Amino acid sequence: MRLAVLAAALAFGASWLPVRYSSSALTAVARAPDCEEGWNVVENPSPGFDTLYSIEAIASDDIWAFGTTISGVGRALAEHWNGNEWTVVDSVSPGQHGHLFNASALSSDDVWAVGNFINNTANTQSFISHWDGTEWELVPNPRLGTGDNFLYAISAASPTDVWAAGGGRS
């Protein structure tokens, strides 16, 4: 099965594209069982204006999408597809204006995600979170520099071999 994402324009053959959807109650996440059958648009479970940056499929009934929701101060957004519908899953962000930018899944109970948030001194800080099959938990990570720092990518090779990429400034 080929999974893909609907962005401003459909691009068959493209892998994952960032998606954005409005409060029109339709999400821009779509399924394409194969390119010949077309696309299915599914309901958006999150109210407000949301942006999705990443999607990670474990199985056709176990898919995660990550981004941010701009309701109130903004928060990190994790949505889960169970084969029938998307649901919002409580995610963690150590501060305001949280964003989850990328994820890597080894199994249904071993999913990693990285993002950024704004701390109380108005610096952008990175964070790593881990799904253990029950809840998202923050994982300590080294901060790059004393000023803003960012994590935009993560890849898990095994439960004990996880890599994250980003940058920082002093």
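The values are calculated or read from the model by the stated rules, or taken from the named source; none is laboratory data. These figures come from a predicted structure and were not determined experimentally. Note that each Cβ is placed from the backbone with ideal geometry, even for glycine, and that neighbours are counted across all protein chains shown. With ligands, DNA and RNA removed, areas are computed over all heavy atoms of the protein, side chains included. Shrake-Rupley method; radii C 1.70, N 1.55, O 1.52, S 1.80 Å.
In the stretch 86-129, what residues are closer than 15 Å to Ile58 by Cβ and surrounded by fewer than 17 Cβ atoms within 10 Å (Cβ to Cβ)?
The answer is Val89, Leu106, Ser107, Ser108, Asp109.
Does Val114 count as β-branched (Val, Ile, Thr) and closer than 13 Å to Ala78 by Cβ? Before the answer, list the steps.
On the way: β-branched (Val, Ile, Thr): yes; closer than 13 Å to Ala78 by Cβ: yes.
In short, yes.
Yes or no: Asp61 among the acidic types (Asp, Glu) and open to solvent by less than 40 Å² (accessible area, probe 1.4 Å)?
Here the answer is no, as Asp61 does not meet what is asked.
Please verify whether Pro142 is of a type outside the set (Phe, Trp, Tyr), at pLDDT below 85, under 20 Å from Ala157 (Cβ atoms) and surrounded by fewer than 22 Cβ atoms within 10 Å (Cβ to Cβ), treating the condition exactly as stated.
yes
For Ala113, are the conditions met, namely being within 14 Å of the chain's Cα centre (by Cα) and modelled with pLDDT of 95 or more? Explain how you work it out, then say what you get.
Details: within 14 Å of the chain's Cα centre (by Cα): yes; modelled with pLDDT of 95 or more: yes.
Spelling it out, Ala113 is indeed within 14 Å of the chain's Cα centre (by Cα) and modelled with pLDDT of 95 or more.
I'd like to verify a number: residues in the stretch 64-85 that are small (Gly, Ala, Ser), assigned to a strand (DSSP E or B) and either open to solvent by 10 Å² or more (accessible area, probe 1.4 Å) or in contact (Cβ under 8 Å) with a residue 60 or more places away in the chain (or both), how many?
Number satisfying all stated conditions: 0.
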